[in-house]
Amino acid sequence: MRHAFLYGVLAVGLSTQAQEPVYRWGADATNEFADRRIERLLDMGDQGFVLLRVAEDATTVKHFWLERFDRSLRSLGTQELAFNNGVMGNAYFLDEVVAVNGALYAFITHWDKAAGKHSLAVHGLGFDGAMGNGLELDVITAEKMGNRGAFRWSFSPDGNKLLVLSELPFAKDAKEELRLSCFNVPAMTRIWQQVQTLEWPADKAPQNSIALDDQGHAYLFKKSWQKPAWQYALYAADGQGGWKSHRPKSMDGKEIEDQRLMIGADGACFLYALYTLDPSAYSRKVHGSWYARFAPDGSLATDNATSWPADLVARMSGDRMAEKGEQSYVDDLHIKDILFRTDGR
């Protein structure tokens, strides 16, 4: 039986080559600056939407613009973001601009070599491109820019909470250590923080995904290369010091191609991943999917990896492929080609 509230609908034209999208502009939006690549469309609800545009100059410095439209698609003007990258050893990076509950936020990381600090701050952002005073969310102590750790962040579905994952610098012969911090939005006051040492050896390039539900419970999916194969784990933190760790029951011999960790319409966190039995750097053969769903207490209510139904494989790859059973696959399928339904059907 397929997942109760999740049904994969494959997009038409999966076999076509990826290409740059073609934008059609109305009379009041003529795309006069085609060199400014559209990085993201930011939904502002009743206020319309904003296009975040990016361009690099001859010195590879990035410049950002906010192009605003109302709900009738009428252009309301373009403003450049007031952002300074700093200098070598005292550098600032505009990592992301997001829209949450009708407000814009800019996430900026700062490397201060002299102080040995890597910090993350969030700034309110106006439609005029001006940033408000930043609120520092976390600081990682580090000796070198190349090993300064990293930050990841995720908002709860209702936009009232923010989760920050701080991946601490790599240390040889040590276990991986990370720090989770949960904040109220928009005040950005910290609700809880938890430092956790994982069972894995520290990784120079950790691969972690995070999600946060409306109650402030945090979830993490981890990929770790443990020669000769990738290993996977799911974690849940309840915000009160509780921590639960889970290894998948049915992923032996399977390698994940891509995945999505998110909060469903029912408020539960789930992971949906596509796997292959034949990993390759030159082709993409997707043999099935893995679905894991958390219960409210952080345990796993569902942990199921299944091959594709024969009728789906026949439709996408032909009858002869469908006859191969668990060895059957769909070529070049990506998780972005799957429609996630929230109506329970």
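The values are calculated or read from the model by the stated rules, or taken from the named source; none is laboratory data. Keep in mind that this is a model prediction, so the values were computed, not measured. Cβ placement follows ideal geometry from the backbone for every residue including glycine, while neighbour counts extend to all protein chains displayed. For the accessible areas, the whole protein counts, side chains as well, though only heavy atoms, and no ligand, DNA or RNA atoms are used. Shrake-Rupley method; radii C 1.70, N 1.55, O 1.52, S 1.80 Å.
Here are a few things to note about the model shown:
- If you filter the stretch 34-82 down to residues that are part of a loop (DSSP other than H, G, I, E, B) and on the phi > 0 side of the Ramachandran plot, you find that the one that is most open to solvent (accessible area, probe 1.4 Å) is LEU73.
- Hey, ALA236 open to solvent by less than 20 Å² (accessible area, probe 1.4 Å), among the small types (Gly, Ala, Ser) and either in contact with a strand residue (DSSP E or B) (Cβ under 6 Å, 6 or more places away or on another chain) or within 29 Å of ALA202 (Cα to Cα) (or both) or not: yes
- Entry remark, the stretch 131-158: residues being open to solvent by 60 Å² or more (accessible area, probe 1.4 Å), within 16 Å of LEU94 (Cα to Cα) and not acidic (Asp, Glu) number 3 in total.
- Residues in the stretch 110-130 that are touching a residue at least 24 places away in the same chain (Cβ under 8 Å), buried (at least 18 other Cβ atoms within 10 Å of the Cβ) and more than 13 Å from PRO186 (Cβ to Cβ): HIS110, TRP111, HIS118, LEU120.
- Meets criteria (outside any helix (DSSP H, G or I), over 17 Å from the mean Cα position of the chain (by Cα) and not acidic (Asp, Glu)) for LEU165: no
- Of all residues in the stretch 268-285 being more than 21 Å from the chain's Cα centre (by Cα) and among the aliphatic types (A, V, I, L, M), the one that is modelled with the lowest pLDDT: ALA281
- Criterion violated by GLY298 - all others in (1) of a type outside the set (Val, Ile, Thr); (2) in contact (Cβ under 8 Å) with a residue 60 or more places away in the chain; (3) open to solvent by 30 Å² or more (accessible area, probe 1.4 Å); (4) out of contact with any Leu (no Cβ under 7 Å at 6 or more places or on another chain) satisfied: (3)
- Total residues in the stretch 168-185, condition assigned to a loop (DSSP other than H, G, I, E, B) and either loosely packed, with under 15 Cβ neighbours inside 10 Å or among the aliphatic types (A, V, I, L, M) (or both): 6
- Leading residue by the ranking (nearest to VAL54 (Cα to Cα)) among those in the stretch 87-109 that are of a type in the set (Gly, Ala, Ser) and either within 17 Å of the chain's Cα centre (by Cα) or open to solvent by 40 Å² or more (accessible area, probe 1.4 Å) (or both): ALA106
Residue-by-condition table, conditions (1) at pLDDT below 95; (2) aliphatic (A, V, I, L, M):
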position	(1), (2)
LEU76	yes, yes
GLY86	yes, no
GLU96	no, no
HIS110	no, no
ARG152	no, no
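- Summed over the stretch 273-295, the residues that are touching a helix residue (DSSP H, G or I) at 6+ places or on another chain (Cβ under 8 Å) and open to solvent by 10 Å² or more (accessible area, probe 1.4 Å) give a count of 1.
- Every residue from the stretch 199-209 that is in contact with a Phe, Trp or Tyr (Cβ under 8 Å, 6 or more places away or on another chain) and open to solvent by less than 20 Å² (accessible area, probe 1.4 Å): ASN208
- Here LYS161 meets each of (1) open to solvent by less than 30 Å² (accessible area, probe 1.4 Å); (2) modelled with pLDDT of 95 or more with one exception, condition (1).
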